[in-house]
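Report on the following structure.
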Amino acid sequence: MSERKTHVIVGAGMAGAKAAEALRAEGFEGRIVLIGAEQERPYERPPLSKDYLRGEVDREKVYVHPQSFYVDHDIELRPATRVQAIDRRAQEVVLRGRERLPFDRLLLATGAEPRRLVVDGADLEGIHYLRDLADANALRAAFLHSRRLVVIGGGWIGAEVAASARQLGLEVTIVEPAEVMLERALGRELGGFYGELHRANGVDVRTGAMPVRLEGDGRVAAVRLQDGGRVECDLVLVGIGVLPRTALAEAAGVLVENGVVATRGLETSVPGIFAAGDVASAQHPFYNRRVRVEHWANALNQPAVAAQSMLGKPASYDRLPYFFSDQYDVGMEFVGDPTGSDELVFRGDLAQREFIAFWLSHGRVIAGMNVNVWDVVDDVRALITSRAGVDCEALRDSDIPLPQLVSEAAPAA
Ligand code: NAP
């Protein structure tokens with residue numbers, strides 16, 4: 001009987017593709033089956049709200065790997081295939097038509113899906129979500145014959161789509177219930193910074209505004225707000241957050257708590273089943289608690305650790321959360337977790353949109369965001385991981401190079 005092992009990856013997004021790549025890179029010679037519900041081979045999502053949405057890059061540019069990669073590495077990519085269930089006792093995934101696929105190790109890389117807006121009129125024509133490539137194609141096509149876009153939700157999708165739509169010449173209104181856009185991610189002051197950036201670029205940013213109804217005769221024509229206000233439009237984009245896709249895991253008896261619960265090595269509560277990407281709520285060695293990150297870099301980097309664990313090698317995912325965003329002429333990178341911050345310190349010039357913001361807790365840097373300032377992420381990361389107290393005056397002073405602060409902050413060896 002053959003000894004050849006089979007490792008199955010459910011979810012052919014960035015995390016799934018990177019896991020398949022990593023299994024081969026780690027020397028696994030058995031069978032790899034990469035199953036995805038979409039018709040597409042794995043692609044990257046960041047361009048879908050940015051240059052791809054604006055029609056500035058070709059479709060071929062968004063894919064994680066060329067088609068030949070899967071053939072060359074003997075990875076069985078099965079697109080347009082939905083996993084119906086996981087039979088953990090038999091160690092099999094159940095596909096449509098009752099086909100059963102045995103596995104030795106299973107990786108859940110099922111990602112997340114958009115929260116739906118539940119209001120009257122939510123099923124009118126002209127209401128879009130943006131999660132996958134098909135959504136981006138549909139939104140791009142709608143841009144070409146629309147004039148007035150309302151973006152519901154001033155989060156990352158809302159902010160990036162609003163910027164792209166303005167760049168294409170649409171009139172844009174953002175409707176966001178919080179006091180400032182991006183408040184949950186960045187807090188008042190930096191959420192306010194992004195609000196001002198959008199206003200300066202001609203967006204009507206309505207904060208403290210709750211959409212209660214979408215109006216129109218067949219096709220959306222306006223968004224009604226709780227305060228009675230009405231915003232006319234011919235296109236709506238809803239970006240009100242995502243929910244981790246945990247149904248398969250839950251039905252299989254895998255522990256789920258705001259995502260699939262995983263160890264620092266990304267193994268779930270069921271031995272032999274692993275999780276990575278948006279869906280994984282993994283124990284984080286630096287934070288000493290579980291962390292679930294809904295950003296590209298996590299889907300890019302976690303799978304290498306998952307693959308090592310799947311092959312029985314000791315591994316631990318300890319990277320700090322990181323993401324980036326490009327809006328108009330403002331690029332930024334963010335590293336760390338600002339939860340629990342008690343102080344915000346700026347280095348540089350907010351008005352010139354060229355600065356680094358540091359979130360501190362008890363005198364220690366816990367997160368940083370560089371805006372139109374580059375090549376500083378490693379230093380910011382080092383300040384965070386040092387856990388050392390920093391001198392706020394020195395942090396503010398752009399004349400003191402960051403690496404100097406890092407070496408002063410470094411804990412004694
Ligand atoms: P998000 O960043 O979590 O933002 C959702 C926004 O919608 C929040 O501002 C939220 O306000 C608001 N909201 C919630 N319910 C609402 C309602 N009923 N009406 C109007 N607004 C409502 O989620 P997203 O923008 O949909 O993005 C989806 C996922 O993709 C996220 O995980 C995000 O991190 C990721 N993404 C990342 C990037 C990047 O890294 N550059 C870019 C695009 C997308 P409250 O916070 O006040 O609830």
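The values are calculated or read from the model by the stated rules, or taken from the named source; none is laboratory data. All values reported here derive from a predicted model rather than from experimental measurement. Methodologically, a virtual Cβ is constructed for each residue, glycine included, from the backbone with ideal geometry; neighbour enumeration extends over all protein chains shown. Surface accessibility is based on the protein's heavy atoms, side chains included, excluding ligands, DNA and RNA. Shrake-Rupley method; radii C 1.70, N 1.55, O 1.52, S 1.80 Å.
Observations, loosely collected:
- Charge dipole of segment 116-240 (Cα centre as origin; +1 on each Lys and Arg Cβ, -1 on each Asp and Glu Cβ, all else neutral): 120 debye, rounded to the nearest 20.
- Beta bridges per DSSP with both ends in segment 246-394, % antiparallel, nearest 5: 90 percent
- Solvent exposure of segment 212-315, expressed per residue, is 40 Å² of accessible area, with all protein chains present and a 1.4 angstrom probe.
- Residue-normalised accessible area of segment 329-408, given per residue in Å² at a 1.4 Å probe: 47 Å²
- The phi torsions of segment 22-38, fed into the Karplus equation with coefficients 6.51, -1.76 and 1.60 and a -60° offset, translate into couplings of 5, 4, 5, 4, 7, x, 5, 10, x, 8, 10, 10, 10, 10, x, 6, 7 Hz, rounded to whole numbers, with Gly and Pro shown as x.
- Candidates 182, 138, 122 compared by Cα position along the dipole of segment 116-240: farthest toward the positive end lies 138, with charges placed on Cβ.
- Cβ-placed point charges (K, R +1; D, E -1), dipole of segment 329-408 about Cα centre in debye, nearest 20: 220 debye
- A prolate overall shape is assigned to segment 1-60, the ratio a/c of its alpha-carbon gyration tensor axes (a ≥ b ≥ c) being 1.5 or greater and a/b exceeding b/c.
- Packing order of peptides 6-14, 386-394, 247-255, highest average first: 6-14, 247-255, 386-394 (average count of other Cβ atoms within 10 Å over each peptide's residues).
- Over the residues of the chain, the helix contribution to mean residue ellipticity at 222 nm works out to -7500 deg cm²/dmol, using -39500 (n - 2.57) for each DSSP H run of at least 4.
- Accessible area expressed per residue, segment 56-193, with surrounding protein chains retained (probe 1.4 Å, Å²): 50 Å²
- Here the 3J(HN,Hα) profile of segment 171-187, calculated from phi with Karplus coefficients 6.51, -1.76 and 1.60 at θ = phi - 60°, is 7, 10, 10, 9, 10, 9, x, 6, 5, 9, 5, 6, 5, 4, 6, 10, x Hz, Gly and Pro shown as x.
- Three-way shape call for the chain based on the alpha-carbon gyration tensor, with the a/c threshold at 1.5: oblate
- For the chain, the share of accessible area belonging to carbon and sulfur comes to 45 percent (1.4 Å probe, ligands and nucleic acids excluded).
- Candidates 288, 110, 356 compared by Cα position along the dipole of the chain: farthest toward the positive end lies 110, with charges placed on Cβ.
- By average C-beta atoms within 10 angstrom, highest first, the peptides 399-410, 23-34: 23-34, 399-410
- For segment 99-114, putting each phi into the Karplus relation 6.51 cos²θ - 1.76 cosθ + 1.60 with θ = phi - 60° gives couplings of 4, 10, 10, x, 9, 8, 10, 10, 10, 8, 10, 8, x, 9, 10, x Hz, in residue order, rounded to whole numbers and with x for Gly and Pro.
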